[in-house]
Every structure is written in structure tokens, then in C-alpha cells.
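Written out below as C-alpha cells is the structure these notes cover.
Here, each number is a calculation from the coordinates, and none is a lab measurement. Keep in mind that this is a model prediction, so the values were computed, not measured. Methodologically, a virtual Cβ is constructed for each residue, glycine included, from the backbone with ideal geometry; neighbour enumeration extends over all protein chains shown.
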């Protein structure tokens, strides 16, 4: 089993829809969790950190479920500009483990 | 103004050559990293380094070596390049290794012919 797993997609979603991604991790001792976004042919950039209580930033909501060892990202009212690959990142033993990413395509 | 910069942006070279990629960060971060992203887009960490410790991903061939002349620079040297080394290489930095945001450079697209 991979340490961090994501559905690679692509997710093809109409503009304005709500889309959710999940990411599972294998090590229950993992300490910190993040979502990064990577546009085509660009570098990854932090989208948001994920806190135990869940957190929201505008149209984006991130949640952590330690019992089931997964984190989620919800995007509401999706925009064309949300098209990108979303990378789940988990910190375990002070090392960052990256998921393979989920590709999202927003269609007009 | 660029936080993390890399040169060159594109590198095309022949098999067997030795090449270097330079990375500089002006964020005052203590930790720098090199990542490899292959054609399948999977981002793999190669090295993480601060002024105390170099952590090497054990899957990285010893043809790859990081060199840090100072805290703001972490260069990547690659000896005897192979076709499978073709990928995009990203440099990144953060203040703390595992809890803080990582800031990435724009990437270096390496093509080995």
C-alpha cells in the first residue's frame, strides 16, 4: 500500500459544480497535512493546510479524519481557473510524503 | 523578488554528460529540497538539506549529489546522465522541514538524448 494515495482522475466537472477529493495515508502517526495545487507546467503551490478541526478558505474546505486516516478537499462553485492537479501531502516522522495528485478539469 | 529561483529553466544534453542545476532562495529558510517529477507527474523528494543534516532518499542513485555553498543555495550535480534522468527537477525551501509551507522554484526541465 502506498503511503499516500489519491485518485488520479481526471475529474471532469462543469463550471459551478461542487467537487470533492479524498486522500488516504497509511501511517497513523502522521502529524501534518496539506493540499498543494499544481498548474500545468508550473511548480506546486500551497493551497491550504489541513487542521484537525477542519478549515475553510473561501470556496475551499479541507477536513481531516484521523480515525479513518484520510483528508478531503471540497471545492464549491468551481471556476475554470480551478483546473489543476491537487496534491495531498502528509508529514510523517518529519518527512513530507507526496501523493501522486488528482487532476481536475473544469468545463464551461 | 523571486523567492526560489533555479537555473537553467531548460537543459538538453547527451547521455553520459555531467551537468549541474543551481538553486537559490532569498526567504531565509533553513531547509532546502530537490524533487524530481517524471513524465507520469509523480513528485518524488530526492534530498532535503539544512545546515545540520542531509537526508537522502535511498532510491536516488549516487550519480546525484547536492552541494550547498551556503544556506541560501543548494545546487544539484548529476554525473553520467542517463535517459531515465529526463524529468522536471524542482528546488524548494521551507523554514521547518515538515510543518511549514514549501516554496518551489519554477523547475528545470532536463532532457537527456
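Just subtract the alpha-carbon distance of residue B:71 and residue B:55 from 0.36 nm times their residue separation and send over the number in nm, one decimal. Intermediate results must be reported in sequence, preceding the final value.
Numbers: separation 16, 0.36 × 16 = 5.76 nm, distance 1.54 nm.
Between residue B:71 and residue B:55, full extension yields an extra 4.2 nm.
Note on chain A: Cα-only Rg and Dmax are 13.2, 42 Å. Among A:48, B:15, sorting on how many other beta-carbon atoms sit within 10 Å of each Cβ, with the fewest leading, yields B:15, A:48. Over chain B, the alpha carbon radius of gyration divided by the compact-protein estimate 2.2 N^0.38 Å works out to 1.00.
Based on alpha-carbon atoms, the Kirkwood radius and the radius of gyration of the range A:9-62 give Rg/Rh equal to 0.98.
Reported to the nearest whole Å, the Cα centre-to-centre distance from the range B:28-44 to the range B:86-113 is 4. Across the range A:83-108, the residues whose backbone nitrogen lies under 14 Å from the label position 7 Å along the beta-carbon direction of residue A:5 are A:99-101.
Within the range B:46-91, the proportion of Cα pairs with more than 13 Å between them is 60 percent. Semi-axes of the equivalent ellipsoid of the protein assembly as shown are 30, 20, 16 Å, computed as sqrt(5λ) over the eigenvalues of the C-alpha gyration tensor in descending order. Summary value for chain A: 38 percent relative contact order, contacts being C-alpha pairs under 8 angstrom separated by 6+ residues. Measuring nothing but alpha carbons in the range A:45-108 and taking Rh as the Kirkwood radius, the Rg to Rh ratio lands at 0.98.
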